[in-house]
């Protein structure tokens with residue numbers, strides 16, 4: 001019995017000895033071998049300094065630099081250490097006022113950082129910092145942290161490239177990756193590709209003395225972590241073409257969207273009025289943003305290319321021609337007589353810009369006859385293959401949506417909108433169920449009424465016709481880093497439910513529109529361009545000028561849409577601008593210098609300013625206006 005007791009006692013001793021040795025070894029390891037436990041952020045013996053990574057640069061398709069980085073400095077302050085400084089000299093060196101100084105110190109104290117550094121002044125330029133650094137030894141309590149800010153060497157494409165700004169408190173609460181003071185992409189490519197451009201933050205761990213002064217980097221940087229730079233992006237943009245488009249759109253409100261049809265790559269995306277993207281960089285960003293945002297008339301921050309809604313007008317007629325042929329209610333030989341208007345009963349009167357007489361399909365496209373395409377639309381609504389107007393309309397709507405209208409094209413930029421393709425339910429509510437007929441909504445056949453599209457969707461329409469029936473989702477990134485592409489979804493063909501054989505007559509009609517029809521004044525020497533003008537009703541004032549096109553006819557390399565708000569006829573502004581863009585892209589030169597100068601010198605934005613500033617009056621709805629007011633849409 002005593003032997004068994006002795007054995008148990010030995011076992012207990014062994015256990016206690018083993019536990020004691022384990023604790024001793026652990027303490028030895030922590031204190032002598034591994035002291036990383038000391039580096040907790042709450043340990044006041046160390047200062048954890050964030051190392052911000054340089055964001056990736058952005059290049060155009062020809063490797064021209066569009067977005068780069070420039071060093072900037074955040075001036076940091078530890079309020080408890082700020083004593084005996086010459087505030088007059090300090091403020092002069094940093095180009096700030098005494099009120100700015102007092103506000104910065106109070107803000108730091110309010111953040112409970114009286115003994116820890118916080119940001120006193122953000123993003124000081126290298127020029128100002130160079131002078132300040134020489135005298136910083138006199139300003140106890142102040143230090144600097146380097147970070148990078150964006151620079152835009154070519155000063156183009158602000159709506160496409162986007163800008164960066166400080167993260168919100170809400171995002172910091174949702175995502176531990178970010179903390180207050182970090183920067184993130186706010187719009188454009190900067191927002192869409194934040195994960196690729198942003199990189200990964202690093203950290204430097206500095207040792208502090210009893211007076212909270214830096215005495216050196218802990219363990220010579222053993223536990224510091226360098227930042228990981230962001231990936232460079234090559235975008236699809238042709239910088240030369242983009243800059244040219246912005247010059248053509250000077251003093252105009254509207255947009256240009258150009259696409260390479262075979263790939264869906266965006267060649268140009270102009271939203272006018274635009275602004276110098278460098279205005280939203282650095283310490284002046286907030287003030288400049290406020291100034292831009294205050295312009296509620298021309299709205300320069302508004303991305304018209306992706307977000308503005310317009311009736312497509314006659315640029316929609318090629319789609320109507322394709323749907324009618326696929327449905328079997330239209331052939332190239334179908335003839336309608338145009339007496340100068342489409343008239344149906346006593347209430348429907350939609351004017352045409354001319355008395356065209358008898359027309360067949362190709363000529364109707366070239367001359368943009370409203371009467372013809374209202375008849376095409378009505379013929380489909382009366383198709384006996386459908387049991388009712390509602391059923392025929394629902395089928396028509398499916399076709400329209402398949403061409404990219406009424407849906408958000410999944411472009412790799414934020415904020416692209418859907419536009420609007422009305423539903424049968426909408427007309428049931430408007431007119432009463434079963435009380436609307438083909439003539440009631442005939443204006444849809446000429447791209448008016450409730451139908452609304454974005455410039456991006458119009459350019460995509462041109463790309464579909466150029467490709468004879470399909471499109472690849474428009475996108476702005478060509479490659480990420482050295483090898484990675486933009487993603488599989490930007491290589492897939494999306495086919496419209498219209499047989500390829502029906503596109504030929506539409507392409508010929510659009511070619512005729514340029515060679516001798518509504519856009520004859522915009523012919524390009526040596527290049528066969530196919531286009532379609534649009535003069536779309538604006539219920540508030542002067543009509544919008546629209547044009548879609550692609551070229552060359554048989555081997556399309558560029559598809560384009562141009563919208564000039566309050567520009568009047570499609571042939572007046574939109575068509576010439578589109579033709580100049582195509583000539584510039586395909587030949588690298590523009591021989592029609594007189595036309596070029598006239599487009600660059602033209603000013604249509606005054607119509608918008610006058611309209612926005614005049615007293616408001618009640619307007620009839622677009623549909624009612626079309627019933628009673630003669631309108632041209634060619």
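For the stretch 106-183, please list each of the strands (runs of 3 or more DSSP E) lying entirely inside it that holds at least 3 residues being more than 29 Å from residue 269 (Cα to Cα) and touching a residue at least 24 places away in the same chain (Cβ under 8 Å). Break it down into steps so the answer makes sense when it comes.
Working: elements: 118-124, 142-151, 164-166.
Qualifying strands (runs of 3 or more DSSP E): 118-124, 142-151.
Consider residue 553 carefully, then state whether it is at pLDDT 95 or above, assigned by TED's automatic domain parsing to the domain that holds residue 430, farther than 20 Å from residue 269 by Cα and surrounded by 13 or more Cβ atoms within 10 Å (Cβ to Cβ). Yes; evaluated as a whole, the condition is true for this residue.
Within the stretch 273-294, can one find any residue that is at pLDDT 95 or above, closer than 22 Å to residue 475 by Cβ, part of a loop (DSSP other than H, G, I, E, B) and not assigned by TED's automatic domain parsing to the domain that holds residue 543? No, the conditions are met nowhere in the stretch 273-294. Scanning the stretch 320-349 for residues that are closer than 15 Å to residue 449 by Cβ and crowded, with 24+ Cβ neighbours inside 10 Å turns up 320, 342.
Here the stretch 350-384 is the region considered, the condition is being touching a strand residue (DSSP E or B) at 6+ places or on another chain (Cβ under 8 Å) and free of Cβ contacts under 8 Å to residues at least 24 places away in the same chain, and the residue that is surrounded by the most Cβ atoms within 10 Å (Cβ to Cβ) is 356.
Please count how many residues of the stretch 86-104 are in a helix (DSSP H, G or I) and loosely packed, with under 15 Cβ neighbours inside 10 Å.
The qualifying residues number 9.
Quick one: which residue in 459, 513 is buried (at least 21 other Cβ atoms within 10 Å of the Cβ), in a helix (DSSP H, G or I) and under 31 Å from the mean Cα position of the chain (by Cα)?
Just one listed residue meets the conditions, 459.
Do we find that residue 444 is buried (at least 24 other Cβ atoms within 10 Å of the Cβ), touching a residue at least 60 places away in the same chain (Cβ under 8 Å) and either touching a strand residue (DSSP E or B) at 6+ places or on another chain (Cβ under 6 Å) or assigned to a strand (DSSP E or B) (or both) in this structure? Spelling it out, it is not the case that residue 444 is buried (at least 24 other Cβ atoms within 10 Å of the Cβ), touching a residue at least 60 places away in the same chain (Cβ under 8 Å) and either touching a strand residue (DSSP E or B) at 6+ places or on another chain (Cβ under 6 Å) or assigned to a strand (DSSP E or B) (or both).
The values are calculated or read from the model by the stated rules, or taken from the named source; none is laboratory data. This structure is a prediction, so every number in the text was calculated from the model and none was measured. For neighbour counting, all protein chains shown are included, and Cβ atoms are generated from backbone atoms with ideal geometry for every residue, glycine included.
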